[in-house]
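Every number in this text was worked out from the coordinates using simple rules, so none of it is lab data. On a predicted model such as this, the values are computed, not experimentally measured, just so you know.
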Amino acid sequence: MTDTDEARRKRGEARRKAAAARGPEARRESALKGAATKGPERRREAALKGAAKRTPEERREAALAAAARRSPEERSETSRKAATSRDPEAHREAVRRAMAARDPEMRRDAARKALANRDPEAHREAVRRAAAAKNPEVRKEAARKSAETRRRNREAAKGEAPTS
């Protein structure tokens, strides 16, 4: 090992020892100072490096701690801003792609879980409220369509040709 390598190693060791001896406030202060001098690209690299070191449990804890620091008003404001800036068509397309990526088995599992967690009485009440919220024309149209479907099904069961 050359002299310069040895000197560099000693300096690195001294820095590590000094960092270990400092308290949390001093560490935070030096981290903030370092963040202030970094450009956006270096900040992004550091964030990615830090994220790669974390286990899923650590990531979850950090997310929960960050959420706990924000008030419900701040969270709703953020979600409202995100919703207004989102392109509805792009969002629909993303949802469509996500659904297409799921195989039938995954879809069945999701439906089974949703059904298992649903309170039947609350669901009936929600359906009642939704029906009551519709205007009379929409209710009549829905009733007409369902009657038409029942009629077609009866005819199909008898083996008759549809009359339209």
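Data table
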item	result
With Cα atoms, 0 to 90° folded angle of helix 120-133 axis to the chain main axis	70
Angle between the chain longest axis and helix 56-69 axis [Cα atoms, degrees, rounded to 10]	80
Flagged links, alpha-carbon separation over 32 Å, of LYS17/LYS53; LYS81/LYS140; LYS134/LYS158; LYS113/LYS158; LYS49/LYS113	LYS81/LYS140; LYS134/LYS158; LYS113/LYS158; LYS49/LYS113
(i) 28, 18, 14; (ii) 22, 20, 17; (iii) 62, 21, 17, with the label sought being that of the calculated semi-axes √(5λ) of the Cα gyration tensor in Å	(iii)
Estimated [θ] at 222 nm from DSSP helical runs (n ≥ 4, -39500 (n - 2.57)) normalised by residues in the chain, nearest 500	-28000 deg cm²/dmol
